[in-house]
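Peer 1: Here it is, the structure, as structure tokens.
The values are calculated or read from the model by the stated rules, or taken from the named source; none is laboratory data. The model shown is predicted, which means the values in this text are computed figures rather than measured ones. All Cβ positions, glycine included, derive from the backbone under ideal geometry; neighbour counts span all protein chains shown.
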Amino acid sequence: MSFWQATMRRSVRLSRTYFILGVAMSIYGTILSNILSFIPANYGNPASTPIDLMNSFPVLSVAILSLSALLFSLPVVMLFVYDKNNGVLEYLLSTGLDQLDIFKGYVKASLSLATYLLIFSTIFNTVVGIYLGTSLDLLASVAVLTFAIGISEVFLVTISMMAFSSLQKTPMGANQPLGVIIGIIPMFPALILPLVFPSNAILVDILIAVATLLVSLALLLSIKRLILREKLLP
Amino acid sequence: MQKLELQEVSAGYGVEEVIHRINLTITEPSIYVVLGPNGAGKTTLFRTICGILKPFSGQTKFDDSDLFNSKDARRRIAYLSHLNALPEEMTVFNALKYYADIEGGDVEHVLDLLSLSELRDRKFSSLSQGQKKRVSVGKIFLRERDLYLLDEPTSNVDPKISKEIRDMLIKLSKDKFVLYSSHNLYEAREIGTYLILIKNGELKFFDKLENLKTRQYRIGIKTLNDVSKLLPESKFENGYYVMKVDSPREVAKIVNNLVQAGAELVELRELDNPLQEFFEEE
């Protein structure tokens, strides 16, 4: 078993609460995604509002589904702080790994967990959507956007949280929330812009996701320069 | 011939330099006791040798490979820090397997070697401090290395296990380099061939232990019967027969003589720490 696989397994055992919350939130996202199917066709006239709710409202569920992936993968970062304080990272460094190997291991574990949940969310959302008669185009859009935003957001949050935890002087991991804040910032435009430009919702969100992925990747590849090995010491 | 070489190495954390211009060349497999008071720089020295800390200046080399830059060279080193450095949520077997999966090695061999088989399915967090230390020591024996760095490996371990660990290291040192940090001169004398003395981040002494000249030791002996005639050079102070000896080896002789003469020995204690005296000396 490789380092990232072992890290993923350990994260799953560390806190099941986050996994339950992640699944619960993805179910909530599915309901939101298909909520228009519950509204009778002759109920009011939502299409006359300045914002095209019929097309843009389901896109809101992308944020919820992406957040569920984030919740699902958060134990990986908790494990990182725990391993740093316990001297596990120090030992791993002494065995020949460097800071990039270690960061890659935790990021891979985090992205893998997020992917598992996103696969579940997408299948669940699609099945429920088909059952309720939600348009297939809309379901496909939600699936694509959820993956794009979810993965990029989890990547950025994971790397930011680990970087902040490494750089802080106190060993308690108190700076971790900064990583969450930085990581979810790209989600706000991803939420609002599709409402403003509903016809370009997919394009806008994909662009945001690609930009977030590129920033995360650049951060990861700069880790050797940004974080010295000594920053992983307890 | 294997060679560990530190050339003018200064290192530390951030901008704070902890060890200063250390020169050290080790070519003979043996136990090298790194001795120094708390804060002397022993851990920093070890972290620099195993490539975690980048030297501010100078170079650390193992067989001419730079230890900070060469992953292969670092893989030949085992480093035991003063922390247990094992995933507490796992069982003993799984915790060791976690490292074996990452760096290779044989968990069963370690369980046998350190008599850990009866603990194999116990959760690491549920073990006593001594048991945790044994498992922690175990991880550096998962695979064979050429250089072993051990930061106070017998702290929190009962005397029996301490002896087992020391015996294991003595055996290992026949063809490996073992650097063993301690602040106990008696322990150093028991296992070490060489002594590396560090104070305030500077190398003060590096030679065979037998060449270390320390001041006299003061010991106190408590007995149930009067032994003043057997210890004519001693003074009776606060219930102890206090006397000076030149080395710990003399203590064994004195105790033997007393026992043979029928003295009922209750306690034997070191009253002055000759190491402390040594470090106070400038």
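Peer 1: Scan the range B:95-107 residue by residue and report those that are more than 7 Å from chain A (Cβ to nearest Cβ) and closer than 19 Å to A:Pro75 by Cα.
Peer 2: B:Ala95
Peer 1: Residues to consider are A:Gly129, A:Gly183; find the one that is more than 11 Å from the chain's Cα centre (by Cα) and assigned to a helix (DSSP H, G or I).
Peer 2: A:Gly129 is the lone residue from the list that is more than 11 Å from the chain's Cα centre (by Cα) and assigned to a helix (DSSP H, G or I).
Peer 1: Any idea which of B:Gly14, B:Gly39 is surrounded by fewer than 17 Cβ atoms within 10 Å (Cβ to Cβ), more than 14 Å from chain A (Cβ to nearest Cβ), without any contact (Cβ under 8 Å) to a residue 12 or more places away in the chain and more than 23 Å from B:Leu169 (Cα to Cα)?
Peer 2: B:Gly39 is the lone residue from the list that is surrounded by fewer than 17 Cβ atoms within 10 Å (Cβ to Cβ), more than 14 Å from chain A (Cβ to nearest Cβ), without any contact (Cβ under 8 Å) to a residue 12 or more places away in the chain and more than 23 Å from B:Leu169 (Cα to Cα).
Peer 1: Within the bounds of the range A:162-175, is there any residue that is hydroxyl-bearing (Ser, Thr, Tyr), within 14 Å of chain B (Cβ to nearest Cβ) and either part of a helix (DSSP H, G or I) or under 22 Å from A:Gly29 (Cβ atoms) (or both)?
Peer 2: For the range A:162-175, residues hydroxyl-bearing (Ser, Thr, Tyr), within 14 Å of chain B (Cβ to nearest Cβ) and either part of a helix (DSSP H, G or I) or under 22 Å from A:Gly29 (Cβ atoms) (or both): present.
Peer 1: Which members of the range A:68-120 meet the condition of being polar (S, T, N, Q), within 11 Å of chain B (Cβ to nearest Cβ) and either outside any helix (DSSP H, G or I) or over 24 Å from B:Ser70 (Cα atoms) (or both)?
Peer 2: Scanning the range A:68-120 gives A:Asn85, A:Asn86, A:Thr95.
Peer 1: A further question on this structure: For B:Asn84, all conditions in the list (1) at pLDDT 95 or above; (2) touching a Ser or Thr at 6+ places or on another chain (Cβ under 7 Å); (3) not in a helix (DSSP H, G or I) hold save one; what is the number of the exception?
Peer 2: (1)
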